[in-house]
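Note sheet for the following structure.
Throughout, read-outs are computed from the coordinates displayed, never taken from laboratory work. Remember, it's a predicted structure, so these values are computed and weren't measured experimentally. A quick note on method: Cβ atoms are made from the backbone with ideal geometry, for glycine too, and the neighbour counts reach across all protein chains shown.
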């Protein structure tokens, strides 16, 4: 990749990333396409759900892993 292309990419990528991030979380996207988070979902994303921890505990993750392994083993999709 030559120097000019790297300079252009360095200038464009942060703007492109910012616009993409905005579009993915915007109300306009939801209104125009019907996809994306609703206003309530955006509020929950921003502020979190009261009384619910933001990240699952190690025990919860282990229980989820066991449940997924059981499901995969039962359906014959296991390794």
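General observations
- Two-site FRET efficiency, residue 16 against residue 43, from Cβ-Cβ distance with R₀ of 25 Å, rounded to 0.05: 0.40
- Using 0.36 nm per residue and subtracting the Cα-Cα separation, the extra length available between residue 30 and residue 67 on full extension is 10.0 nm.
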